[in-house]
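Every read-out reported here was derived from the displayed coordinates using simple, explicitly stated rules and does not represent laboratory data. None of the values given here were measured: they were computed from a predicted structure. As a convention, Cβ positions derive from the backbone with ideal geometry for all residues, glycine included, and neighbour counts pool all protein chains shown.
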Amino acid sequence: MPDSQLEHAQTLIKLGQPEENTWALSRIDDALPRARPVIVPLSLWLEHSSDGELAPWLPSDTELTGDLAKSLTHAPLIAIDFPAFTDGRGYTLARLLRERHGYQGEIRAIGDVLVDQLYYMSRCGFDALALREDQHLDDALRALGAFSVSYQPGVDVKEALFERRLRESGRS
């Protein structure tokens, strides 16, 4: 596959900070690109999972079975695709990978990733966010810090706000 067909996210935020994106992205599922490191479709990654310079991307409709999660354990990163900003299934995939399956590596949001979603993505377990080309880095960094308190538990904060307040007041 010609490397000219690879995508390169121009703006990547990792752990809340801008970072140079060193991973290319291939959406072609029948040919392994020569470039490395590269994120490839899940089916292609499963065939070549021993290659440490390959990482899988999961479509939003991926059924995350126990066997698949076990296979993903040693992936250098897992990218989850958002085909449209209205498709929220990627949030569930990230949260399941973190909480149910204990994945400790990088989980990267790719695709139709908008500034408005970043805070919520980070609460669900994404630690890397590849912004859509028309999204601005300054706006994205501001959006990540827009909220200082969350009512609901998340991957980042395990207790609901009322539970934290009860515990901190000594009434729990």
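Any residue that is among the β-branched types (Val, Ile, Thr), within 25 Å of LEU6 (Cβ to Cβ) and touching an Asp or Glu at 6+ places or on another chain (Cβ under 8 Å) - is there at least one of those in segment 111-126? Even if it seems obvious, please write down each step before you answer.
At the first step, the residues of segment 111-126 found to be among the β-branched types (Val, Ile, Thr) are 113, 115.
Add one more test, that the residue is within 25 Å of LEU6 (Cβ to Cβ), and what stays is 113, 115.
After this cut, where a residue has to be touching an Asp or Glu at 6+ places or on another chain (Cβ under 8 Å) as well, the list is 115.
Yes, there is a match, as at least one residue in segment 111-126 is among the β-branched types (Val, Ile, Thr), within 25 Å of LEU6 (Cβ to Cβ) and touching an Asp or Glu at 6+ places or on another chain (Cβ under 8 Å).
What number of residues within segment 70-100 are surrounded by fewer than 17 Cβ atoms within 10 Å (Cβ to Cβ), in contact with a Leu (Cβ under 9 Å, 6 or more places away or on another chain) and over 12 Å from PHE126 (Cα atoms)?
4
Which of the residues spanning segment 3-53 are out of contact with any Lys or Arg (no Cβ under 9 Å at 6 or more places or on another chain), in a helix (DSSP H, G or I) and in contact (Cβ under 8 Å) with a residue 12 or more places away in the chain?
Within segment 3-53, LEU42, SER43, LEU44, TRP45, LEU46 qualify.
For segment 123-136, check the following and say yes or no: at least one residue is part of a helix (DSSP H, G or I), surrounded by 22 or more Cβ atoms within 10 Å (Cβ to Cβ) and out of contact with any strand residue (DSSP E or B) (no Cβ under 6 Å at 6 or more places or on another chain).
Yes; the residues of segment 123-136 include at least one that is part of a helix (DSSP H, G or I), surrounded by 22 or more Cβ atoms within 10 Å (Cβ to Cβ) and out of contact with any strand residue (DSSP E or B) (no Cβ under 6 Å at 6 or more places or on another chain).
One line per residue, one yes/no per condition, for (1) free of Cβ contacts under 8 Å to residues at least 60 places away in the same chain; (2) more than 21 Å from GLU19 (Cβ to Cβ):
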| position | (1), (2) |
| --- | --- |
| ALA55 | yes, no |
| SER71 | yes, yes |
| HIS74 | yes, yes |
| ARG95 | no, yes |
| HIS101 | yes, yes |
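Condition check: part of a strand (DSSP E or B), of a type in the set (Gly, Ala, Ser) and touching a residue at least 40 places away in the same chain (Cβ under 8 Å). Does ALA79 satisfy that?
Answer is yes for this residue.
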